[in-house]
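Here the structure is laid out as structure tokens; the discussion comes afterwards.
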Amino acid sequence: MITGLLVLILVGAALILYVRVVPLEAARWHRPIEAASDQDLTGGAIRVLDGDAALFGRLDNALGALPRTKVLAGSVAENRITYVTRSAFFGFPDITTIELRDGQIRMFARLKFGASDLGVNRKRLEGLIAAVQ
């Protein structure tokens, strides 16, 4: 019984470590957002706003200020930035891309692991929109 419990603890610790250190390939995640309208997805969300460089800059600042969030790729000058936000305890990565294109700001937040994000990414995008408008 103790051996089984020890194995479960070790496997759990290994999974947590894997989630925290798994490489995130910028080429896979830092891509143009093709959706042109809002969408709620099982593992994320897309929001599209009318916007300009000033609003894009405010979104960049707001995203960069979120806890446990880092830039994965891109910049304001490129008009596309992809961020990684990790959950507090396990460190699960969520990927958020924002881009400015043709007078629109497109935002796509999605999970890397699992099938459902329980609405976390949708709430993050809606909170960002509320914070900058």
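The values are calculated or read from the model by the stated rules, or taken from the named source; none is laboratory data. Please read all numbers here as calculations on a predicted model, not as lab measurements. In this analysis, Cβ positions are derived from the backbone assuming ideal geometry, glycine residues included, and neighbour counts consider all displayed protein chains. We work out accessible area using only protein heavy atoms, side chains counted, and drop any ligands, DNA or RNA first. Shrake-Rupley method; radii C 1.70, N 1.55, O 1.52, S 1.80 Å.
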Legend entry - Residue list for region 74-94, filter: farther than 15 Å from ALA62 by Cα and in contact (Cβ under 8 Å) with a residue 60 or more places away in the chain: ARG86, PHE90, GLY91, PHE92, PRO93
Legend entry - Residues satisfying the stated conditions in region 43-78, i.e. among the β-branched types (Val, Ile, Thr) and either surrounded by fewer than 13 Cβ atoms within 10 Å (Cβ to Cβ) or part of a strand (DSSP E or B) (or both): ILE46, VAL48, THR69, VAL71
Inset, instruction - Working carefully through the options ALA131, ALA115, find the one that is assigned to a loop (DSSP other than H, G, I, E, B), aliphatic (A, V, I, L, M) and open to solvent by 40 Å² or more (accessible area, probe 1.4 Å). - result: ALA115
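Over 15 Å from LYS112 (Cα atoms), in contact with an Asp or Glu (Cβ under 7 Å, 6 or more places away or on another chain) and touching a residue at least 24 places away in the same chain (Cβ under 8 Å), is that true of ARG58?
The answer is no for ARG58.
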Inset, instruction - Provide a single number: the residues in region 7-37 that are modelled with pLDDT of 85 or more, over 18 Å from THR82 (Cβ atoms) and open to solvent by 90 Å² or more (accessible area, probe 1.4 Å). - result: 3
Legend entry - Condition broken by ASP40, with the remaining ones in (1) surrounded by 15 or more Cβ atoms within 10 Å (Cβ to Cβ); (2) part of a strand (DSSP E or B) satisfied: (1)
Legend entry - Tally of residues being of a type outside the set (A, V, I, L, M), touching a Phe, Trp or Tyr at 6+ places or on another chain (Cβ under 8 Å) and closer than 23 Å to GLY103 by Cα across region 48-79: 2
Inset, instruction - Being in contact with a Phe, Trp or Tyr (Cβ under 7 Å, 6 or more places away or on another chain), open to solvent by 20 Å² or more (accessible area, probe 1.4 Å) and assigned to a strand (DSSP E or B) is the filter here, so list the residues in region 80-110 that pass it. - result: ARG86, LEU100
